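Novice: Would you mind keeping the following structure in view while I ask a few things?
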Amino acid sequence: MYSIYLIPLLIGMFLAVNMGASGTAPSFSAAFGANLIRKNLIPGLFGLFVFLGALIAGKKVVSTIGKGILPSEVISLTLVSIILLSVALSLFFANLLKVPQSTSQSTVAALVGPAIYFDILKTDKLFYEILPTWFITPIAAFLITYLIGKVAYKQIRKYDSVTFDALADHKIFKFIVIASACYVAFAIGSNNVANASGPLVSMAQNVLSVTDESGQFMLIVIILTLVIAPCFGIGSSFLGERVLSTTGKELISFGPLGATLISIVTASLLIVASLTKGIPTSLVQMNTGAIIGLGISKVGLKNITQNTPFKKIFIIWIVAPIIALALSFFLTVGADKLGYLTR
């Protein structure tokens, strides 16, 4: 009887594979771009710290994805399959184009589709917390790295005995860069694993009649985390290199100091969003905002805009969530008309 529930689980795992590919870029692109880590070491480190982040700090985001936008009681086997498949296809499209895409934005869009169709969209969380955070955090990442970059570069240049090359070659700083990349992977785990596990948790609660307060709820969360999180590492192995090259090598080359700054700023903003309000937000866009801010402070606005693939990135950022929303909406309509959808 329960074997049919393997369908949404497998779709969730497929989604996690695609999220792993997309998430590899904002976590390890800075260290990879600075030539501090070999490509074959990235998937293992990435997968491990994603798992730890999901297990330790991911519960609030699971709750938001599972019931903060679309009421959890309507999330059936068919509906969760539609939601996860819509997100997975939109991200697969972005990965094929070698552009890191926000899994959180695609997931929220996929939840909005059926919520609009059934006229049960929970607007308070969406309009007053999630959407503002999407706009504020990339701007905050940009401003923080730009201001620190301006101040740091100016101060270091005052001392003739201290050079950027000397600092970059120091073993301690190289270790810090790799550690900061792992910190970003932990932040991804705290936020993005919920994009796949959140709807699955709500479905499992409905099937097993489990409440949020019971001990069985946390058991469900842990089991699904154990299944979903390792798939991030698999996705990093098979598809991560494509998007790594876009942000790690094509945008701008950073030394260890810049790479560390980007990683720490973006990961910290994401962990704050995860632990305070449980808001699914875009590390990809924060990471790019931080790269732009530090890049402008280093080489100027003109060089950043003319010599990097920002136009392509911004277009995919807009298109992918729209694809997820449209797919989930029309698949929900079709399933309902055919009688496959139970509310």
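Novice: Given a Förster radius of 30 Å and the C-beta distance between residue 175 and residue 39 as r, what FRET efficiency does 1/(1 + (r/R0)^6) yield to the nearest 0.05?
Specialist: Details: r = 19 Å, r/R0 = 0.62.
Step by step, r from the Cβ atoms, then E = 0.95.
Novice: Could the peptides 258-267, 56-65 be put in order, highest first, of the mean number of other beta-carbon atoms found within 10 Å of their residues?
Specialist: Working: 258-267: 27.0, 56-65: 23.1.
In decreasing order of mean packing, 258-267, 56-65 become 258-267, 56-65.
Novice: Continuing with the same structure: Rank-order 316-326, 81-91 by packing density, defined as the average count of other C-beta atoms within 10 Å over each peptide's residues, highest first. Present the calculation step by step, with values, prior to reporting the outcome.
Specialist: Details: 316-326: 19.5, 81-91: 27.5.
Going by the mean number of other Cβ atoms within 10 Å, highest first, we get 81-91, 316-326.
Novice: Which shape class, rounded, prolate or oblate, goes with the stretch 3-110 when its Cα gyration tensor gives a ≥ b ≥ c as root eigenvalues, a/c under 1.5 marks rounded, and past that a/b bigger than b/c marks prolate? Each step should come with its number before you reach the end.
Specialist: On the way: a/c = 2.11, a/b = 1.77, b/c = 1.19.
Prolate shape, in that a/c is at least 1.5 and a/b is the bigger ratio.
Novice: What FRET efficiency, computed as 1/(1 + (r/R0)^6) with R0 = 30 Å and r the Cβ-Cβ distance, is obtained for residue 151 and residue 127, rounded to the nearest 0.05? Could the numbers behind the result be given before it?
Specialist: Working: r = 36 Å, r/R0 = 1.20.
Between residue 151 and residue 127 the formula returns 0.25.
Novice: Taking 7 Å along the Cα-to-C-beta vector as the label spot, tell me the residue 314-residue 211 distance in nanometres, rounded to one decimal.
Specialist: 5.0 nm
Novice: Now, a different point. Under the rule a/c < 1.5 gives rounded, and otherwise a/b versus b/c splits prolate from oblate, where does the stretch 58-144 land using the Cα gyration tensor?
Specialist: Values: a/c = 2.15, a/b = 1.23, b/c = 1.75.
In terms of gyration-tensor shape, oblate.
Novice: Could the peptides 123-130, 276-283 be put in order, highest first, of the mean number of other beta-carbon atoms found within 10 Å of their residues? Provide the component values of the computation, followed by the final result.
Specialist: On the way: 123-130: 14.4, 276-283: 23.8.
Highest-to-lowest ranking by the protection proxy: 276-283, 123-130.
Every number in this text was worked out from the coordinates using simple rules, so none of it is lab data. Predicted, not measured: the structure shown is a model, and the values here were computed from it. Virtual Cβ from ideal backbone geometry, glycine too; neighbours counted across all protein chains shown.
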